[in-house]
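The values are calculated or read from the model by the stated rules, or taken from the named source; none is laboratory data. The structure displayed is predicted, hence computed values, not measured ones. Glycine gets a Cβ as well: all are built from the backbone with ideal geometry, and neighbour counts include every protein chain shown. Side chains included, ligands, DNA and RNA excluded: accessible areas come from the protein's heavy atoms. Shrake-Rupley method; radii C 1.70, N 1.55, O 1.52, S 1.80 Å.
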Amino acid sequence: MDMKWIYAMILIISQAWSQEPGIRNVSFNQGSAVNLTCSNKTWKDTMFVTWEINKQCRIAFLPGGESVDTCNDGKSLRNTSSFQSYLHIPKFSKKDEGVYKCESPYKGGIEYVIYHVAMTVPPYVSMWLEPKNNNVVAVCTAKGGNPAANISWNHEGNASSVVTPDANELYSVESRLTLPKGFDTKSVRCIVRHPCWELERIFVLHDIAPVPWLLILTVVIITGLLAGLLFILQKKLRILRQCQQLEHSNSPSKPPPTEDVEEVEPYASYVQRVNSIYNSSADLFT
């Protein structure tokens with residue numbers, strides 16, 4: 001009998017045996033190597049293993065030793081040293097997210113597992129202070145993460161957080177903590193938790209003293225005055241240049257200097273002047 005018919009019969013019987021599938025939500029860091037297990041049974045007791053990925057392709061090891069791979073994207077079935085089967089994803093990326101269904105019949109039952117697989121991306125964290133009326137606001141952001149990060153503070157107070165998704169299905173979180181006037185901002189800690197990190201990360205405002213608002217306001221006013229003065233000077237310079245151009249265009253133009261050139265008529269006759277004294281002495285010998 002064809003092995004494919006045997007596989008089909010086993011699959012039908014196994015589905016009749018199957019109970020509710022075990023559903024697992026997992027996430028992995030971008031670029032990491034991922035291993036998904038369907039059962040803890042060894043090949044000694046396992047009939048076959050088949051993985052269906054996003055209802056688009058299938059990777060399986062069928063009865064009789066036949067292997068099937070319609071994904072052709074680097075994923076493969078491998079075995080541990082104790083001959084337990086697992087699905088290997090060499091370099092996890094966004095395209096590997098989705099639903100992975102595994103069926104593995106064995107002697108006495110069937111393992112049926114559904115994985116909801118997502119990719120985790122670590123966020124970029126920054127922290128600063130902002131003025132607000134007579135208070136100071138500590139701002140902590142965790143941008144470009146997946147899933148969204150969790151932000152908390154080491155001081156209780158009026159804190160609020162906003163989560164914003166972007167077009168790449170990444171999330172940015174901004175948390176704002178209002179501090180009373182005169183509060184020691186050096187003691188403020190921003191605590192960020194994310195699945196990419198095994199431990200929480202704590203961020204500190206290094207060597208940041210209370211903001212001298214009067215000094216900042218003075219600098220802003222002086223900068224504005226200098227910018228206005230520069231604008232007026234540039235405008236006056238432009239008007240002066242236009243006046244100079246206008247005066248130059250209205251002044252009479254001087255004719256170009258002419259050069260006296262002696263005109264010579266073509267084929268001019270040449271007259272030789274001869275001294276009359278020499279002429280008369282010459283006539284005596286003729």
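Structure data summary
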read-out	value
Qualifying residues in the stretch 167-176 (those that are farther than 19 Å from Lys132 by Cβ and outside any loop (DSSP other than H, G, I, E, B)) - the one least open to solvent (accessible area, probe 1.4 Å)	Val173
Yes/no for Thr120 being in contact with a strand residue (DSSP E or B) (Cβ under 7 Å, 6 or more places away or on another chain) and either among the aliphatic types (A, V, I, L, M) or at pLDDT 95 or above (or both)	no
Given (1) open to solvent by 20 Å² or more (accessible area, probe 1.4 Å); (2) under 30 Å from Val204 (Cβ atoms), index of the condition Pro90 fails	(2)
Inter-residue pairs, beta-carbon under 6 Å, first part of a loop (DSSP other than H, G, I, E, B) and in the stretch 94-113, second acidic (Asp, Glu), 6+ apart	Lys107/Asp45
Residue under evaluation Arg201, criteria (1) modelled with pLDDT of 90 or more; (2) surrounded by 11 or more Cβ atoms within 10 Å (Cβ to Cβ); (3) farther than 20 Å from Glu174 by Cβ, criterion not met	(3)
Asn133 being loosely packed, with under 14 Cβ neighbours inside 10 Å and modelled with pLDDT under 90	yes
Of all residues in the stretch 11-26 being in contact with a strand residue (DSSP E or B) (Cβ under 6 Å, 6 or more places away or on another chain) and at pLDDT below 90, the one that is most open to solvent (accessible area, probe 1.4 Å)	Trp17
Residue satisfying all of: in the stretch 27-40; open to solvent by 50 Å² or more (accessible area, probe 1.4 Å) and under 15 Å from Cys102 (Cα atoms); modelled with the lowest pLDDT among these	Asn40
Search result, residues across the stretch 177-193 that are touching a residue at least 40 places away in the same chain (Cβ under 8 Å) and either within 30 Å of the chain's Cα centre (by Cα) or not in a strand (DSSP E or B) (or both)	Leu177, Pro180, Lys181, Phe183, Thr185, Val188, Cys190, Ile191, Val192, Arg193
Residue match in the stretch 136-156 (condition: surrounded by fewer than 16 Cβ atoms within 10 Å (Cβ to Cβ), of a type in the set (D, E, K, R) and free of Cβ contacts under 8 Å to residues at least 24 places away in the same chain)	yes
Test for Leu77: is it among the aliphatic types (A, V, I, L, M) and more than 15 Å from Thr42 (Cα to Cα)	no
Residue list for the stretch 60-77, restricted to those being open to solvent by 70 Å² or more (accessible area, probe 1.4 Å) and under 35 Å from the mean Cα position of the chain (by Cα)	Thr70, Asn72
Matching residues in the stretch 103-121 - criterion: being out of contact with any Ser or Thr (no Cβ under 6 Å at 6 or more places or on another chain) and open to solvent by 40 Å² or more (accessible area, probe 1.4 Å)	Lys107, Gly108, His116
Failed criterion for Asn133 (all others in (1) in contact (Cβ under 8 Å) with a residue 24 or more places away in the chain; (2) out of contact with any Leu (no Cβ under 9 Å at 6 or more places or on another chain); (3) of a type outside the set (Ser, Thr, Tyr) hold)	(1)
Qualifying positions in the stretch 129-150 - over 29 Å from the mean Cα position of the chain (by Cα), at positive phi and in a strand (DSSP E or B)	none
